[in-house]
Amino acid sequence: QVQLVESGGGLVQAGGSLRLSCAASGYSFTNYAMGWFRQAPGKEREFVAAISRRGATIYYADSVKGRFTISRDNAKNTVYLQMNSLKPEDTAVYYCAARDWVVATTPAEFGSWGQGTQVTVSS
């Protein structure tokens, strides 16, 4: 059973940085592409970033390109999201997700989800 646990969220001022982590267990981590999504109050869940099984392919939403970096450590079964130059519009609950084999960028294509971690950026 796939289990994903996010951590690293919190309150930060605009222009600041946070690093989210997602620890995976219960499956062969290297068989799964990983993604980060976010959901703000009253809005649909949206794609943030995704990384292929070995890290060779990476996608970003236009809104975070150049500010956020996704990475994974397959030895530690962990995927990260480094968030720099944070803006108030980045405020949301951030979710980690897993998809077997092929990397994707839409929520419907990911079958396993963590519980989410809150990121709040103050102006």
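Every number here is computed from the coordinates shown, using simple stated rules; none is lab data. Worth saying up front: this structure is predicted, and the values here are computed from it rather than measured. Every residue, glycine among them, receives a Cβ derived from its backbone with ideal geometry; neighbour counts consider all protein chains shown.
How much length would be gained if the chain were fully extended between Lys65 and Trp101, taking 0.36 nm per residue of separation minus their Cα-Cα distance, in nm to one decimal? Gain on stretching Lys65 to Trp101: 10.6 nm.
Across all directions, the average projected area of the convex hull around the alpha carbons of the chain is 6.7 nm². Amide H contacts of Ser112: Ala98, each under 5 Å away and 5 or more positions distant or on a separate chain (H built 1.01 Å from N in the peptide plane; Pro and chain starts excluded).
Would you mind checking the stretch 1-15 for residues with the amide N under 19 Å from a putative spin-label position 7 Å along Cα→C-beta of Ser85? So the set is 12-15. Of the trypsin sites (Lys or Arg not before Pro) found in the stretch 14-84, those in coil by DSSP whose Cβ has at most 16 other Cβ atoms within 10 Å are Lys43, Arg54, Lys65, Arg67, Lys76. Cα centroids of the stretch 99-123 and the stretch 51-80: how far apart, whole angstrom? Measuring centre to centre over Cα atoms gives 12 Å.
Amide H contacts under 5 Å for Gly16: Leu86, restricted to partners 5 or more places along the chain or on a different chain, H placed in the peptide plane at 1.01 Å from N. Label positions at Ser25 and Gln1, each projected 7 Å from the Cα along the C-beta direction, are separated by 1.2 nm.
Comparing Gly15, Gly42, Gly26 in a Gaussian network model of the chain (Cα springs below 10 Å), the most mobile by mean-square fluctuation is Gly42. A simple rule links phi to the HN-Hα coupling: the Karplus curve 6.51 cos²θ - 1.76 cosθ + 1.60 with θ = phi - 60°, which for the stretch 99-113 gives 9, 6, 6, 8, 5, 9, 9, 10, x, 5, 8, 9, x, 10, 9 Hz, with x for Gly and Pro. With distances taken between every two different alpha-carbon atoms, the stretch 67-110 has a Kirkwood hydrodynamic radius of 12.5 Å. Taking the chain as a Gaussian network, Cα atoms linked when under 10 Å apart, which of Ser85, Ser52, Ser71 shows the biggest mean-square fluctuation? For the chain, modelled as a Gaussian network with Cα springs under 10 Å, the answer is Ser85.
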